[in-house]
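Take a look at the structure below.
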Amino acid sequence: MKIIKILAFAAAAIMAVSGCTSSSKDYREISPVVLKDKIAGGWAGKMIGVTYGAPTEFRAQGRIYEDSIRWKPSDIRGSMWQDDIYVQLTFLMTMDQYGIDAPAKKFQELFAKAGYPLWHANMQARKNYHDSIFAPLSGSPEYNLHADDIDFQIEADYIGFMCPGMPATALAIADKIGHIMNYGDGVYGGVFVAALYAEAYFENNIPAIIEKALLSIPSESDYYKIIKDVIKLHGHYPSDWRAAWQELENKWGSVQICKAGTTFNIDAKLNGAYIVMGLLYGEGDPMKTLEISTRCGQDSDCNPSNALAVLGVIKGFSGLPEEMQQGVLAMGDSMFIHTTHSFNSAVAATYSYAVESIEKDGGRADEEIIKIKIQEPVAPALEVSFPNLVFDRRISVFGEEGWKFTGGWKAHTITTRDNKTRDQAMFSANAGDVAELSFNGTGIAIDGNWYRDGGKAEIYIDGTLHRNIDTYYWFAGQQHTETIWHITGLQPGNHVAKVIVKGEKRPESEGTKVYLTSATIFRTGAKKNEDFKFSFE
């Protein structure tokens, strides 16, 4: 579709968007023009929001971002290089190739073999695929310490976009895709945002959309509870989002497993709460919504991206500010990197899948009207990734009590950005070399380097073999320091973890080295937020 055609489409939508949705007892109705306009608004919101917040990403951790935010419509072109867009377009491309009902393994395969770098839960899911650990195990807490991270939350938008008024259909797709890289609250983040979009097609009251979307996730989950807290805080501080943010931070700011013990928080539920803060305090104003969801901090490009996408569905592309529309239209046919889709083709494909989903569910579509069978949201069964697990301490391999190295282990030295050298890891390539750590707790995660010369090792806990691991990683030119093994659910008390180098490697690896950097120790106990009361309670 050429840009001039989109302009014509948008102009037609402006005239058609009012009064073209209605409901009957069993069906909701929407015109094709309005449906396309709302899908375009959702995709545009993603692109605008991610570029608005991109310069601030993780610049504010555990604090409000108070610096100036400079954004102009031409910045939207930067969305071509954003993982918030191209990762989920890989899933859309999987549907293009294998159909909307493709099995989870196909989605994981195309995602794992894509040519872009990944991080956190996505990166672990890619590693798991190449280690023959497939969905849903690839996202499970047993094989993915990032199970509660934000990853699926930022790449589930296309699911909601193709499920207008169909939260049950959105849940079915999200449950399959989300468990590739996440579990529990990590999956619920994607389910929740997809449900926000599904509801936004036929509702423009933001609090009502949020409450309805919550019905798609378990009320016992922490994700549900934190969103309810944002609603409560908004009720108490209706015009002071900063006061609400501080109360939320006091209660939920340290509840995380990934990067536990640091101010860095990529947890899905906390960042999901910032989406909702932006929506509630933004009051339907696009720029106000962008600013608040960005200033909340942490993953502050993803959160405004989700928030403005919700407004994009509510308002339609034609209802977004003119300068935003023009910024998107200027790159309408530009391909997002690593994909076969542009904004225009993504809108067209999403519309096609929406119609297919509608008809499969008993709805009808023609050139004049689309009838969508009414669905009621249903929450999935409760999943909890790391029940009652809390951070205790981190133990470096260098000079800290507990570590014992036997054999030919050496220090791996790196040069830092300021041209200084430091010991970064201990490594060995020799079969039979042992690294042993005594600790007291109920869980442990050992970090090391996933490198192109990474080799294999056996991991024992208290003298029993727990798992064989492979530390090779060289995908999309990426090497990383990452959790190479973890275990939780141990009995409280003293334990011994032992890493035994096998001196073996997979064919593509350049060596048999096993690198170790540190260990994170967890214990079981009450989390900070469990009995927390807000100041006004």
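The values are calculated or read from the model by the stated rules, or taken from the named source; none is laboratory data. Just so it is clear, the model here is predicted, and its values are computed rather than measured. In this analysis, Cβ positions are derived from the backbone assuming ideal geometry, glycine residues included, and neighbour counts consider all displayed protein chains.
Condition first: surrounded by fewer than 24 Cβ atoms within 10 Å (Cβ to Cβ), in a helix (DSSP H, G or I) and at pLDDT 95 or above. Can you find one or more residues in region 251-269 that meet it? Among the residues of region 251-269, at least one is surrounded by fewer than 24 Cβ atoms within 10 Å (Cβ to Cβ), in a helix (DSSP H, G or I) and at pLDDT 95 or above, which makes the answer yes.
Restricting attention to region 330-348, the residues that are touching an Asp or Glu at 6+ places or on another chain (Cβ under 7 Å) and farther than 16 Å from G41 by Cβ add up to 1.
For A243, state whether it is small (G, A, S), touching a residue at least 24 places away in the same chain (Cβ under 8 Å) and touching a helix residue (DSSP H, G or I) at 6+ places or on another chain (Cβ under 9 Å). Answer is no for this residue. Selection of region 482-496 for residues being under 21 Å from F111 (Cα atoms) and β-branched (V, I, T) yields T483, I484.
In region 72-101, how many are in a loop (DSSP other than H, G, I, E, B) and buried (at least 18 other Cβ atoms within 10 Å of the Cβ)? Of the residues in region 72-101, 1 are in a loop (DSSP other than H, G, I, E, B) and buried (at least 18 other Cβ atoms within 10 Å of the Cβ). Within region 431-465, the residues that satisfy the criterion of being touching a residue at least 40 places away in the same chain (Cβ under 8 Å), outside any loop (DSSP other than H, G, I, E, B) and hydroxyl-bearing (S, T, Y) are S438, Y451, Y460.
Which number in (1) modelled with pLDDT under 95; (2) more than 17 Å from H338 (Cα to Cα) marks the one condition that M162 misses? Against the list (1) modelled with pLDDT under 95; (2) more than 17 Å from H338 (Cα to Cα), M162 comes up short only on (1). Does A381 satisfy the criteria of being outside any loop (DSSP other than H, G, I, E, B), aliphatic (A, V, I, L, M) and under 30 Å from D185 (Cβ atoms)? Against the criterion (outside any loop (DSSP other than H, G, I, E, B), aliphatic (A, V, I, L, M) and under 30 Å from D185 (Cβ atoms)), A381 does not qualify. Criterion applied to T406, T340, T350, T413 was being buried (at least 18 other Cβ atoms within 10 Å of the Cβ), among the polar types (S, T, N, Q) and at pLDDT 95 or above, and the one residue passing it is T350. Scanning region 102-129 for residues that are among the aromatic types (F, W, Y) and assigned to a helix (DSSP H, G or I) yields F107, F111, Y129. Given the condition crowded, with 16+ Cβ neighbours inside 10 Å, assigned by TED's automatic domain parsing to the domain that holds I257, assigned to a helix (DSSP H, G or I) and among the acidic types (D, E), answer yes or no: does some residue in region 354-368 qualify? Yes, region 354-368 contains a residue that is crowded, with 16+ Cβ neighbours inside 10 Å, assigned by TED's automatic domain parsing to the domain that holds I257, assigned to a helix (DSSP H, G or I) and among the acidic types (D, E). Just one of the listed residues (A102, A156, A114, A147) is of a type outside the set (S, T, Y) and in contact with a His (Cβ under 6 Å, 6 or more places away or on another chain), namely A114. S216 - would you say it is among the hydroxyl-bearing types (S, T, Y) and in contact (Cβ under 8 Å) with a residue 60 or more places away in the chain? Yes: the conditions hold for S216.
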